[in-house]
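Asker: Once you've had a glance at the structure underneath, I'll fire off some questions.
A short reminder: the numbers here are calculations on the coordinates, not readings from a lab. Quantities reported herein were computed from a predicted structural model and do not represent experimental measurements. Glycine also receives a Cβ, built like all others from the backbone with ideal geometry; neighbour counts cover every protein chain displayed.
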Ligand code: F6R
């Protein structure tokens, strides 16, 4: 949530910061702002409510000069999305941008008010700027004022400070929210992630938990939480700029849906042996024969990936699995017994609730594993073993390719568990892997349904409520379909286990309610069809998603059908994710909503 950028450069900073903020806009778009210090040391700022484009427009008429600057794109937590509440926050000689939440800001603010300092906003961040200014007033140098300020803050933050009269100084800090320092030639950059800095530099240093740093154009001094000089490695990070462009697509979401055959191919190849007959998981992968229980924890779409994986681990490997929403997990205080492996799934690797759940398990669970898209993320770094999903940057706020790649990795893990626990032999494994290797081709065929789905979406766009039904491992895909539709089209949607409908939700059905029935021809197909009949008997408008045989057998009386490629039941959840993504996408397009940046949401949820 919120993206921050900093530049001590050789060229005008504002245009560079705007470009970097564009790449961070997925983290929030309630407001944006920039502060710069010019060569004479003058600190100035511009802010605008709404998307970054409003700030860019403003800068055309009211430009900012200076080669040093900080910038921010906001997802509002404390205080409404107004210009006053927009970052950077300035108090006298200091300007601050912040990602996270300062938990003790009320106490700090009260103490500062008692000393006569005035506040103009409702934000927690303004307190940071005023506190720092109060230390400058006491005669502290900017570096020391920032150090004292950081030491008094509680909560989660990534911060960047800029000072009047100091065009060659920036102080940054990280506690709980990620921050990377980019090294240039006589330039230094700061960003919430590597994507922000991609075109500026490939050489990055990631601050560690509790670090803060003093930056000039020619020096980077990093201190750890105890105030000791710290050496953090410089890594060369490959960010393919083309992968963060829309590449001819109207929206990132559609580009990312369409990329799935490629990225799935990549991730499957990565985890299979060269001959495709075995698994090539890292050596540090636990021996699942020694694991008694698996605890899967995540949020949102990643949680639905965990729900699918529960079916796989239990059915294939006979391994008992708990699945939890991360925001509930640690407050539930689940007893974690010896022999438990805890596995966290996250695209960003920075989701605050998932990270907190991981930390809860440290020292309790025997193994801490994660399945992540961002290899440098906090969740990846704090796990015993992080398995990358190799989906490449996912910019659309609605997760698509990350979901199917998460599922591919989880399928490999479940198969490894089945092998370790003697539930399948090498030959059976090779059979499953052959099917897995055919998945990218099947996904490409499912994508061919795009035009047909776009036509059906015209009808969905008129609905007030939409239901999604599925059984078994397809039930989480029904939940995912409903989540996708809600978040980008704002149509109310619910996913149900098809058999559960008659226990209440069937009361919602009438002729105005489209019901998307996800029914691959697996062992549960006849049962799902019976539930579909119950819906049709109550005039529900069924869109049946099955393969041709399923449609031939069961489509009578349905409103519409989507003929999917036939697929091995194990892999159906991955394949059936595609039509629900496309349905949500085209419905949102038909409604004219903001597909890539839906209202109220942000891609990386770094607050609890
Ligand atoms: C929905 C969506 C969210 C995320 C959730 C977890 O389309 O993207 O539900 O799945 O916020 O995010 P990560 O995977 O980054 O932990």
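Asker: Describe numerically, in nm with one decimal, the distance between label points set 7 Å from Cα along Cα→Cβ at residue 538 and at residue 10.
Answerer: With each label placed 7 Å out from Cα toward Cβ, I get 6.9 nm.
Asker: Indicate, rounded to the nearest 5 percent, the antiparallel portion of the DSSP beta bridges found entirely in the stretch 243-393.
Answerer: Working: 1 of 21 bridges.
So the antiparallel bridges in the stretch 243-393 amount to around 5 percent.
Asker: What distance in nm lies between label points placed 7 Å from Cα along the C-beta direction at residue 553 and residue 452?
Answerer: 1.8
Asker: Helix 450-460 against the longest principal axis of the chain: what's the angle in degrees, Cα atoms only, rounded to the nearest 10?
Answerer: Once rounded, one gets 80 degrees.
Asker: I want the antiparallel fraction of DSSP beta bridges within the chain, as a percent rounded to 5.
Answerer: So the antiparallel bridges amount to about 60 percent of the total.
Asker: Once you have the alpha carbon radius of gyration of the stretch 163-224, what is it after dividing by 2.2 N^0.38 Å, with N set to its residue count?
Answerer: Taking the Cα Rg and dividing by 2.2 N^0.38 Å, one obtains 1.06.
Asker: Residue 138 label point, 7 Å along Cα→Cβ, cut-off 17 Å on backbone N: hits in the stretch 83-104?
Answerer: It comes to 93-94, nothing else.
Asker: Between residue 337 and residue 113, what is the spin-label point distance in nm, taking each point 7 Å from the Cα along the Cα→C-beta axis?
Answerer: Reported label-point gap for residue 337 and residue 113 is 5.2 nm.
Asker: Based on C-alpha coordinates, I'd like the Rg and Dmax of the chain, in Å.
Answerer: Looking at the chain, its Cα Rg and Dmax stand at 25.5, 82 Å.
Asker: Nearest 10 degrees, 0 to 90: what angle lies between the long axis of helix 475-489 and the longest principal axis of the chain (Cα atoms)?
Answerer: 50
Asker: What does the highest-first list of 553-566, 81-94 look like by mean Cβ count within 10 Å?
Answerer: In descending order of packing, they fall as 81-94, 553-566.
Asker: Mind pulling the angle between the C-alpha long axis of helix 13-24 and the longest principal axis of the chain? Nearest 10 degrees, somewhere in 0 to 90.
Answerer: Between the helix axis and the principal axis of the chain, the angle is about 20 degrees.
Asker: Among 254, 532, 170, which comes first, then next, by fewest other beta-carbon atoms within 10 Å?
Answerer: Result, fewest neighbours first: 254, 532, 170.
Asker: Could you please rank 179, 575, placing first whichever residue has the fewest other Cβ atoms within 10 Å of its Cβ?
Answerer: 575, 179
Asker: Only counting other Cβ atoms within 10 Å, I'd like 169, 429, 387 sorted with the fewest neighbours first. Please report the intermediate quantities before stating the final value.
Answerer: Numbers: 169 20, 429 17, 387 26.
Ranked by crowding around the Cβ, least crowded first: 429, 169, 387.
Asker: Still on this model: Rounded if a/c is under 1.5, else prolate if a/b beats b/c, else oblate: with a ≥ b ≥ c from the C-alpha gyration tensor eigenvalues square-rooted, which is the stretch 1-150?
Answerer: It is oblate, given that a/c is not under 1.5 and a/b is not larger than b/c.
Asker: In nm, what is the difference between 0.36 nm times the number of residues separating residue 19 and residue 512 and their Cα-Cα distance? Walk me through the numbers before you get to the answer.
Answerer: Numbers: separation 493, 0.36 × 493 = 177.48 nm, distance 4.51 nm.
Stretched out fully, the residue 19 to residue 512 stretch lengthens by 173.0 nm.
Asker: Rounded, prolate or oblate: which fits the stretch 1-86, taking a ≥ b ≥ c as square roots of the Cα gyration tensor eigenvalues, rounded meaning a/c under 1.5, else prolate when a/b beats b/c?
Answerer: It comes out prolate by the Cα gyration axes.
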